[in-house]
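Only one structure is covered here, and it is reproduced in the block below.
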Amino acid sequence: MPLRVISGTAGGLHLKSPKRHALRPTQDRIRQVIFSSLAELVPGARVLDLFAGTGSFGIEALSRGAAAATFVEKEAEAVECIRENLRHCRLQGDVRQNDAMAYLEGTPGDRFDLIFADPPYDKTRGCLEGHPLLARIPLFLDQNGLFVWEHFAGWSAEGLGSWQVVRHQTYGETGLTFLRYLGNKQKINCNNNIL
């Protein structure tokens, strides 16, 4: 099934995918779940799309009124796809050809309100605890920002220290975890309706 932008100014437009690289683009229905949950958090947001692939997360956010989006993708063909998809959707974004983890090792510039990450993963059971993303993302995330992580459904979201699990759900083999970094702030009850 071809990818498309779900809603907003570019709603219904199809997105190009690289031909030579085995990406695992997020399905439209899962992006619909994510953006329905985010709702009012998207307009005006500064967005970081890590392991961007086709750029579908950042483009969806821009289409729905995000103020700016930075796309980080290491594969040259995928980077060109993101640029073509932005042109096709008449949207503008900052596209960086870089390994996502190497980008996160750099010095943060502006902080982001929403960070999306869909890194490659093995379909083996495990835990998100201890993943290097958890150590680096806080440096790039605004104080009230949200980190949306797509991962294998077999990974649990327990024992994440200063991270509050706002939402954790699975859809077939796909897991989605929405995280807020609390740092030294008091931990909020996960049952609160934050999204």
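Apart from one condition, residue 2 fits all of (1) in contact with a strand residue (DSSP E or B) (Cβ under 6 Å, 6 or more places away or on another chain); (2) open to solvent by less than 10 Å² (accessible area, probe 1.4 Å); the exception is (2). Looking across the stretch 83-108, the residues that are within 12 Å of residue 70 (Cα to Cα), open to solvent by 50 Å² or more (accessible area, probe 1.4 Å) and within 17 Å of the chain's Cα centre (by Cα) come down to 94, 96, 97, 98.
In the stretch 74-91, the residues that are in contact (Cβ under 8 Å) with a residue 24 or more places away in the chain form Cβ pairs under 6 Å with partners that are assigned to a helix (DSSP H, G or I), at six or more places apart or across chains, as follows: 85/59; 89/59; 91/62.
Here's the yes/no breakdown for (1) under 11 Å from residue 179 (Cα atoms); (2) assigned to a strand (DSSP E or B):
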| residue | (1), (2) |
| --- | --- |
| 123 | no, no |
| 137 | yes, no |
| 142 | no, yes |
| 149 | yes, yes |
| 166 | yes, yes |
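Scanning the stretch 121-161 for residues being modelled with pLDDT of 90 or more and surrounded by 13 or more Cβ atoms within 10 Å (Cβ to Cβ) gives a total of 15. Only residues that are more than 14 Å from residue 54 (Cα to Cα), hydrophobic (A, V, I, L, M, F, W, C) and touching a residue at least 40 places away in the same chain (Cβ under 8 Å) were counted across the stretch 101-117, and they come to 4.
Annotation: residue 96 fulfils all but one of (1) within 20 Å of residue 6 (Cα to Cα); (2) modelled with pLDDT of 95 or more; the unmet one is (1). With respect to the conditions (1) surrounded by fewer than 17 Cβ atoms within 10 Å (Cβ to Cβ); (2) at pLDDT 90 or above, residue 46 falls short on a single one, namely (1). Let me spell it out: the conditions are (1) more than 21 Å from residue 33 (Cα to Cα); (2) open to solvent by 20 Å² or more (accessible area, probe 1.4 Å); (3) modelled with pLDDT of 90 or more, and residue 180 meets all of them except one. Which number is the exception? Looking at each condition in turn, residue 180 falls short on (1). For first residues located in the stretch 152-181 and touching a residue at least 60 places away in the same chain (Cβ under 8 Å) and more than 24 Å from residue 140 (Cα to Cα), partners that are open to solvent by 30 Å² or more (accessible area, probe 1.4 Å) and of a type in the set (Lys, Arg) and lie 6+ apart or on another chain with Cβ distances below 9 Å form the pairs 171/29.
The values are calculated or read from the model by the stated rules, or taken from the named source; none is laboratory data. Treat the numbers as computed from the prediction; the structure is a model and nothing was measured. Here the Cβ is made from the backbone with ideal geometry for all residues, glycine too, and neighbour counts use every protein chain on show. Surface areas here come from the heavy atoms of the whole protein model, side chains and all, with no ligands, DNA or RNA. Shrake-Rupley method; radii C 1.70, N 1.55, O 1.52, S 1.80 Å.
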